[in-house]
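So the structure is just underneath, and the comments pick up after that.
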Amino acid sequence: MIKKVIIGFCILLGLGIMGVIVWTIVIMSAFGAFDKDYSVSELKDNFYSRETEILELKRYYNSIVPPNKSIEIEFKNNKTLFRFGIQTYYPEEKATTTFLDWDIEINSDKMDSLLCTIDWTQNHLMELKKKLDNANCIQIESGEPTKIGFKRSGLGMYFFVVFNEAIPDSLKNYYNDSCRYILAGERLVLEYGGGAVGQQCFYNRK
């Protein structure tokens with residue numbers, strides 16, 4: 001009888017340990033623990049191999065963003081936006097309104113309503129998706145400099161921060177802190193934006 005109890009206890013203990021291991025793996029996967037970390041060299045190679053396409057993406061995007069708005073957009077795939085945000089500035093009132101949402105179906109009434117507020121159509125989205133694909137990127141934020149999301153790694157994101165002109169000397173220290181930012185060229189800064197958990201700086205700076 002005691003032997004059976006011991007065997008039963010061992011089986012339950014083994015199942016419990018296995019459950020903890022499986023659950024840990026699931027949680028780690030959800031937070032991107034097994035996602036690829038990109039080195040500075042890899043980011044530079046990706047940028048300069050697609051420089052023409054990235055600069056065209058920047059030009060096109062800033063040309064379609066209304067002057068009183070700042071827009072960020074990230075595609076999950078051809079059917080869904082992972083993230084979509086609009087900031088609207090009211091100079092006379094010195095006020096700003098912000099909209100931000102996730103997982104928006106592209107072919108939906110909600111998306112059409114949002115597009116109307118910025119004078120875009122579905123054609124703008126499709127053209128933007130094509131240019132992001134050509135640039136091998138997934139996200140973009142308007143403005144100068146323009147921030148272009150290259151790839152996600154867990155909750156974090158690798159960005160190309162692209163300037164129109166040479167980066168002023170007054171900004172070089174800010175954009176070269178060897179943590180979040182790395183100065184990579186006359187008009188290029190690499191950025192790693194860490195998420196709520198995990199690494200907050202570049203893992204591999206070479």
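Each reported figure results from applying straightforward, stated rules to the coordinates on display, with no laboratory input. Note that the structure is predicted; figures quoted are calculated from it, not measured. Note that each Cβ is placed from the backbone with ideal geometry, even for glycine, and that neighbours are counted across all protein chains shown.
Could you give the distance between the Cα centres of region 65-113 and region 138-155, to the whole Å?
Cα centroid of region 65-113 versus Cα centroid of region 138-155: 14 Å apart.
Mind checking the dipole of region 35-193: about its Cα centre, +1 per Lys or Arg Cβ, -1 per Asp or Glu Cβ, Debye to the nearest 20?
For region 35-193, the charge dipole is close to 220 debye.
How much net charge surrounds residue 40 when only the other residues with a Cβ under 15 Å from the Cβ of residue 40 are counted, with Lys and Arg +1 and Asp and Glu -1?
+1
Where does the charge balance sit around residue 99 when Lys and Arg score +1, Asp and Glu -1, over other residues with C-beta under 12 Å from its C-beta?
Net charge around residue 99: +1.
So which of 110/172; 110/151; 58/206; 94/131 end up more than 31 Å apart by C-alpha?
Distance filter (> 31 Å) returns 110/172; 94/131.
So for region 35-193, what are the equivalent ellipsoid semi-axes in whole Å, largest first, each being the square root of 5 times an eigenvalue of the Cα gyration tensor?
With the √(5λ) rule applied to region 35-193, the semi-axes are 26, 19, 14 Å.
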